[in-house]
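Participant: Dumping the structure here so I can ask a few things about it.
The values are calculated or read from the model by the stated rules, or taken from the named source; none is laboratory data. All values derive from a computational prediction rather than experimental measurement. We place every Cβ from the backbone using ideal geometry, glycine too, and count neighbours over all the protein chains shown.
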Amino acid sequence: MQAPLNTVDPTEIAKFEAMAAEWWDPNGKFKPLHMLNPCRLDYITTQIAGEYERDLMAQAPFKGLRILDIGCGGGLLAEPMARLGAKVVGADAAERNIPVAQVHAAQSGLAIDYRHTTAEALAESGEQFDVVLNMEVVEHVADPLGYLSACKTLLKPGGLHICSTINRNSKSYMMAIIGAEVVMRWLPKGTHEWSKFITPEELYDLLGQAGLTPVDRKGFVFNPITWSWSLSPRDLSVNYVTASVRPA
Amino acid sequence: MDNPAPRPIVQVMTTPSDILIVGGGLNGPALALALAQTGQPVTVIDALPSETRADAGFDGRAYALALASQRLLAAVGLWEAVEDHAQPMLEIKVTDGHAGRGPSPFFLHFDHAEIEEGPMGYMVEDRHLRRAFLNAMAENPRITLVDGQRVVAQETGAGVASVTLADGREVSGRLLVGSDGRQSGTATRAGIKRTGWGYDQTALVCALEHEKPHHGIAHQFFMPAGPLAILPLTGNRSSIVWSERSAEAKRINALDDAGYMAELHPRFGDFLGRLTLAGQRFVYPLNLTIANSFIAPRLALVGDAAHGVHPIAGQGLNAGLRDVAALAEVLTLASRRGEDIGAIQVLERYQQWRRFDTTTLALATDAFNRLFSNDNPLLRAGRDLGLGLVNAWPGARRGFIREAAGLTGDLPRLMQGRQI
């Protein structure tokens with residue numbers, strides 16, 4: 001069940017505001033996500049603009065589009081999508097994230113429909129979207145094929161599915177687990193299970209089995225000199241992202 | 001099925017403008033035009049009434065706009081209104097002068113013909129720039145100008161930045177930009193401290209009419225007391241920036257016009273024929289001041305509010321316009337991604353871009369000034385030799401020309417003549 005904001009206990013709000021501040025602190029617990037965010041947004045906005053022939057230089061370019069953000073957390077992707085004019089539903093399986101994201105959206109002056117639910121439950125309800133954002137989730141689920149099939153069901157025919165995850169090889173083990181979790185402590189230990197990581201070929205295969213047609217893939221590459229992420233057409237060795245469509 | 005939209009629990013003040021710019025000088029309006037051009041609504045708050053800014057006749061103040069700055073003005077649609085009043089700077093001659101003895105035989109000669117881009121820059125009078133900015137802002141439906149209003153208080157919080165005006169009005173947006181000069185109230189109210197030092201130097205500024213044409217040549221004489229710059233204006237006129245030790249400057253400034261000219265004449269020489277004063281005389285004590293941070297949550301500083309450099313090479317406005325171009329680019333790209341333009345991680349990109357550049361400029365102009373405002377014979381010999389070497393080596397000379405034209409470093413798109 002979702003927890004609508006107007007039913008939230010007012011004494012709880014201060015707590016949620018503090019948690020929202022933590023989610024949105026660029027140097028806090030979610031620093032790696034904040035660092036990756038501009039690069040993810042560049043990819044997402046370009047893909048959506050391409051698919052729906054929108055001009056990113058125009059005001060509210062995503063007006064009229066319904067976007068679902070799965071695993072929305074504090075709203076790091078949902079808010080930018082809403083700011084670009086889309087009607088956004090943010091879903092998270094972790095109930096505690098919902099009021100936190102709601103509090104922050106209100107501070108940002110954005111109307112976003114945040115719900116405590118899962119992709120499978122939403123798909124069951126028959127709701128559909130123009131775009132499904134499925135970022136850094138698939139490596140955490142127990143049944144990737146079942147999950148991706150639910151993502152397809154959530155799309156209107158012709159809809160766009162953007163899915164990012166982590167490759168499985170010795171380099172990604174070094175970078176994502178030893179580097180990010182052990183050395184840099186960017187992520188809590190045990191955040192990732194290496195065996196659940198998926199190679200781009202495996203993901204393309206799974207997307208196809210789920211009834212989606214892959215149309216693009218790019219790497220997210222971290223540059224330790226500029227300390228920033230960029231998109232690469234070739235280097236998909238650690239973090240990467242794919243775009244696929246539900247055939248019309 | 002849609003769920004009902006959540007009701008906001010925090011009252012967000014709505015405003016037609018996302019960006020509030022405090023300061024109506026030159027950088028503030030330039031930023032407003034650059035942002036409005038990419039579709040972002042902007043409010044400019046100016047402590048001075050627009051009539052005061054608009055009705056100024058020729059008062060002797062002028063700017064040396066580097067080529068990169070001219071490109072920025074062209075990109076925001078302002079250049080057309082200024083072009084007819086702009087004097088191209090075709091050559092720069094730098095001489096190590098010695099009062100009473102004439103210039104040293106070693107001098108630097110920079111000719112725009114050595115680079116492909118065009119003139120190194122343009123001299124534009126303050127009055128033409130101001131008027132063009134006011135007209136362009138008035139014509140732009142995305143810009144709201146609140147003039148003749150001081151900011152008395154400001155507040156930045158989660159999601160919103162707001163200022164209170166002297167008349168009690170409150171204006172709010174997502175980002176507050178301070179372009180309110182060296183004594184920036186915006187920076188002070190945000191608790192941003194400054195680092196700086198004064199020089200025992202004061203710049204005397206005026207415009208002259210002269211008998212002979214200047215042929216678009218700018219001159220810089222390095223005198224022991226400070227540099228004397230002669231910068232070509234349209235017609236047979238030049239703008240003078242003349243630095244002296246502060247006590248001496250005070251003495252000279254107290255003289256009547258005839259006495260003032262009698263002091264200037266031997267320093268200036270006779271190469272442009274008879275000289276007469278045109279417009280008013282100004283004095284500016286020279287000092288250097290850098291804000292310890294160019295940003296804070298929902299706040300950014302540009303121009304002199306961020307860094308007031310020694311105006312030795314006319315780099316103050318040029319550095320400010322470079323801030324403007326960089327900030328406009330950072331904010332526009334963030335806005336196209338749907339990012340919150342007031343978020344610290346967005347503003348951090350601007351600070352990273354500009355901070356190194358401006359600190360380097362401040363230190364370089366400071367060192368340059370210390371080296372040349374000196375009568376130590378050893379330093380003199382060394383710098384004469386240095387100038388001679390730079391002049392003899394075309395690569396170094398072209399480097400200096402490109403630097404003077406503002407074409408070096410990580411140039412913002414608006415300064416490359418491109419749109420964001």
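Participant: Does segment B:293-300 contain any residue that is surrounded by fewer than 22 Cβ atoms within 10 Å (Cβ to Cβ), modelled with pLDDT under 95, within 30 Å of residue B:352 (Cα to Cα) and of a type in the set (Ser, Thr, Tyr)?
Facilitator: Yes; the residues of segment B:293-300 include at least one that is surrounded by fewer than 22 Cβ atoms within 10 Å (Cβ to Cβ), modelled with pLDDT under 95, within 30 Å of residue B:352 (Cα to Cα) and of a type in the set (Ser, Thr, Tyr).
Participant: So which residues in segment A:83-103 are more than 8 Å from chain B (Cβ to nearest Cβ) and in a helix (DSSP H, G or I)?
Facilitator: A:97, A:98, A:99, A:100, A:101
Participant: Right, something else. Of the residues in segment B:184-229, how many are part of a loop (DSSP other than H, G, I, E, B) and either aliphatic (A, V, I, L, M) or modelled with pLDDT of 90 or more (or both)?
Facilitator: Filtering segment B:184-229 down to residues part of a loop (DSSP other than H, G, I, E, B) leaves B:184, B:190-193, B:211-216, B:224-225.
So of that shortlist, the ones also either aliphatic (A, V, I, L, M) or modelled with pLDDT of 90 or more (or both) come out as B:184, B:190-193, B:211-216, B:225.
Total satisfying the criteria: 12.
Participant: Hey, among the residues in segment A:61-71 that are part of a loop (DSSP other than H, G, I, E, B), in contact with a Lys or Arg (Cβ under 9 Å, 6 or more places away or on another chain) and more than 10 Å from chain B (Cβ to nearest Cβ), which one's surrounded by the most Cβ atoms within 10 Å (Cβ to Cβ)?
Facilitator: Taking segment A:61-71 first, the residues part of a loop (DSSP other than H, G, I, E, B) are A:61-65, A:71.
Filter once more, keeping what is in contact with a Lys or Arg (Cβ under 9 Å, 6 or more places away or on another chain): A:61-65.
Narrowing the set further to residues that are more than 10 Å from chain B (Cβ to nearest Cβ) leaves A:63-65.
Details: A:63: 12, A:64: 12, A:65: 21.
Filtering first and then ranking leaves A:65.
Participant: Oh, and also: In contact with a Lys or Arg (Cβ under 7 Å, 6 or more places away or on another chain), at pLDDT 95 or above and not basic (Lys, Arg): is that true of residue B:22 in this structure? Break it down into steps so the answer makes sense when it comes.
Facilitator: Working: in contact with a Lys or Arg (Cβ under 7 Å, 6 or more places away or on another chain): no; at pLDDT 95 or above: yes; not basic (Lys, Arg): yes.
No; evaluated as a whole, the condition is false for this residue.
Participant: Follow-up question, since we're still on this one. Quick one: is residue A:45 more than 10 Å from chain B (Cβ to nearest Cβ) and among the hydroxyl-bearing types (Ser, Thr, Tyr)? Let's see the steps before the verdict.
Facilitator: On the way: more than 10 Å from chain B (Cβ to nearest Cβ): no; among the hydroxyl-bearing types (Ser, Thr, Tyr): yes.
For residue A:45, the condition - more than 10 Å from chain B (Cβ to nearest Cβ) and among the hydroxyl-bearing types (Ser, Thr, Tyr) - is not met.
Participant: Still on this structure, please answer the following. Residues that are of a type in the set (Lys, Arg), more than 20 Å from residue A:128 (Cα to Cα) and within 13 Å of the chain's Cα centre (by Cα): does segment A:34-49 have at least one? Give the derivation first.
Facilitator: The initial filter retains those residues of segment A:34-49 that are of a type in the set (Lys, Arg), namely A:40.
Subset that is more than 20 Å from residue A:128 (Cα to Cα): A:40.
Subsequent filtering for residues that are within 13 Å of the chain's Cα centre (by Cα) retains A:40.
For segment A:34-49, residues of a type in the set (Lys, Arg), more than 20 Å from residue A:128 (Cα to Cα) and within 13 Å of the chain's Cα centre (by Cα): present.
Participant: Still on this structure: Given the condition within 14 Å of chain A (Cβ to nearest Cβ), in contact with a strand residue (DSSP E or B) (Cβ under 8 Å, 6 or more places away or on another chain) and of a type in the set (A, V, I, L, M), answer yes or no: does some residue in segment B:303-313 qualify?
Facilitator: At the first step, the residues of segment B:303-313 found to be within 14 Å of chain A (Cβ to nearest Cβ) are none.
Checking segment B:303-313: not a single residue is within 14 Å of chain A (Cβ to nearest Cβ), in contact with a strand residue (DSSP E or B) (Cβ under 8 Å, 6 or more places away or on another chain) and of a type in the set (A, V, I, L, M).
Participant: Do you know which residues across segment B:320-346 are assigned to a loop (DSSP other than H, G, I, E, B) and more than 8 Å from chain A (Cβ to nearest Cβ)?
Facilitator: The answer is B:341, B:342.
Here's the yes/no breakdown for (1) part of a strand (DSSP E or B); (2) within 14 Å of another protein chain (Cβ to nearest Cβ); (3) out of contact with any helix residue (DSSP H, G or I) (no Cβ under 9 Å at 6 or more places or on another chain); (4) more than 24 Å from residue A:194 (Cβ to Cβ):
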position: A:109; (1), (2), (3), (4): no, yes, yes, yes
position: A:114; (1), (2), (3), (4): yes, yes, no, yes
position: A:121; (1), (2), (3), (4): no, yes, no, yes
position: A:124; (1), (2), (3), (4): no, yes, no, yes
position: A:127; (1), (2), (3), (4): no, yes, yes, yes
position: A:152; (1), (2), (3), (4): no, no, no, yes
position: A:161; (1), (2), (3), (4): yes, no, no, yes
position: A:165; (1), (2), (3), (4): yes, no, no, no
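Residues checked against (1) in contact (Cβ under 8 Å) with a residue 12 or more places away in the chain; (2) basic (Lys, Arg); (3) surrounded by fewer than 19 Cβ atoms within 10 Å (Cβ to Cβ):
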| position | (1), (2), (3) |
| --- | --- |
| B:118 | yes, no, yes |
| B:124 | yes, no, no |
| B:131 | yes, yes, yes |
| B:136 | yes, no, no |
| B:141 | no, no, yes |
| B:155 | no, no, yes |
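Participant: Return the total of residues in segment A:6-42 being facing another protein chain (nearest Cβ under 9 Å), modelled with pLDDT under 85, surrounded by fewer than 19 Cβ atoms within 10 Å (Cβ to Cβ) and in contact with a helix residue (DSSP H, G or I) (Cβ under 9 Å, 6 or more places away or on another chain).
Facilitator: So the count comes out to 3.
Participant: Just to check your reading of the model, which residue among A:186, A:194, A:227 is of a type in the set (A, V, I, L, M, F, W, C), within 19 Å of the chain's Cα centre (by Cα) and modelled with pLDDT under 85? Give the steps one after another, and end with the answer.
Facilitator: Working: A:194 fails: within 19 Å of the chain's Cα centre (by Cα); A:227 fails: within 19 Å of the chain's Cα centre (by Cα).
Being of a type in the set (A, V, I, L, M, F, W, C), within 19 Å of the chain's Cα centre (by Cα) and modelled with pLDDT under 85 holds for just one of A:186, A:194, A:227, which is A:186.
Participant: Kindly indicate whether residue A:138 is within 13 Å of chain B (Cβ to nearest Cβ), among the β-branched types (Val, Ile, Thr) and farther than 20 Å from residue A:54 by Cα.
Facilitator: Considered against the rule, which asks whether it is within 13 Å of chain B (Cβ to nearest Cβ), among the β-branched types (Val, Ile, Thr) and farther than 20 Å from residue A:54 by Cα, residue A:138 comes out as no.
Participant: Pull out all pairs, ordered by first then second residue, where Cβ-Cβ is under 6 Å, the residues are six or more apart or on different chains, the first lies in segment B:84-101 and is under 26 Å from residue B:131 (Cβ atoms) and crowded, with 22+ Cβ neighbours inside 10 Å, and the second is at pLDDT below 85 and not charged (D, E, K, R).
Facilitator: Once the first residue is under 26 Å from residue B:131 (Cβ atoms) and crowded, with 22+ Cβ neighbours inside 10 Å and sits in segment B:84-101, its partners that are at pLDDT below 85 and not charged (D, E, K, R) give B:89/B:119; B:89/B:120.
Participant: Out of curiosity, is residue B:77 at pLDDT below 95, more than 27 Å from residue B:182 (Cβ to Cβ), within 19 Å of the chain's Cα centre (by Cα) and more than 14 Å from every other protein chain (Cβ to nearest Cβ)?
Facilitator: Values: at pLDDT below 95: yes; more than 27 Å from residue B:182 (Cβ to Cβ): yes; within 19 Å of the chain's Cα centre (by Cα): yes; more than 14 Å from every other protein chain (Cβ to nearest Cβ): yes.
Yes: the conditions hold for residue B:77.
Participant: For residue B:245, which of the numbered conditions (1) buried (at least 19 other Cβ atoms within 10 Å of the Cβ); (2) closer than 27 Å to residue B:184 by Cα; (3) of a type outside the set (Ser, Thr, Tyr) fails to hold?
Facilitator: Answer for residue B:245: the failing condition is (1).
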